[in-house]
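The values are calculated or read from the model by the stated rules, or taken from the named source; none is laboratory data. What you see is a predicted model, and the numbers here were worked out from it, not measured in a lab. Note that we place each Cβ from the backbone using ideal geometry, even for glycine, and neighbour counts take in every protein chain shown. All accessible areas refer to the heavy atoms of the entire protein, side chains included, with ligands and DNA or RNA removed. Shrake-Rupley method; radii C 1.70, N 1.55, O 1.52, S 1.80 Å.
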Amino acid sequence: MHHIAYLDAGSGSMILLVILLPLLLLNVLPSLFVLLDVTKQPEEAFGPAGVSRTTWIVLPVVGLVFCIVGIVSAIVYYSTVRPKLIAAIVARP
């Protein structure tokens, strides 16, 4: 007779999933949104905006590993950097 080990998906596992999944999403999604937004902005807008494209690609990637970096970089990007980029894009001839 073969014994098959089953993963117990009892209430303890569900509570852990309910707690960890939102925390994971809260930490990962801001970094992903910044990374996607930075990569779709025209490269020539970064110079006139006074920001480095490389920095704003690296920060969200680091934020995927170190969650506080991702959250802080998303706040800074959307509150200060992105408006500068949009202004630089609009001001282009």
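Here are some notes:
- Lys/Arg +1, Asp/Glu -1 at C-beta; the chain dipole; positive extreme among Leu20, Val38, Val61: Val38
- Surface per residue (accessible, 1.4 Å probe) for the chain, Å²: 71
- Placing R0 at 25 angstrom, the Cβ-Cβ distance between Arg92 and Ser52 gives a FRET efficiency of 0.85 after rounding to 0.05.
- Across region 53-59, computed HN-Hα scalar couplings (Karplus, 6.51 cos²θ - 1.76 cosθ + 1.60, θ = phi - 60°) run 5, 4, 4, 7, 8, 6, 4 Hz from first to last residue, x flagging Gly and Pro.
- Between the Cα long axis of helix 67-76 and the first principal axis of the chain there is an angle of about 30°, rounded to the nearest 10.
- Rounded percent of accessible protein surface that carbon and sulfur make up, the chain, 1.4 Å probe: 75
- Around the amide H of Gln41, modelled in the peptide plane, lies no amide H under 5 Å away from a residue 5 or more places distant or on another chain.
- Shown here: Cα Rg over 2.2 N^0.38 Å, derived from the displayed model; of the candidates (i) 1.61; (ii) 1.18; (iii) 1.56, it corresponds to (i).
- Helix 11-40 and the long axis of the chain differ in direction by around 20°, with both axes built from C-alpha atoms.
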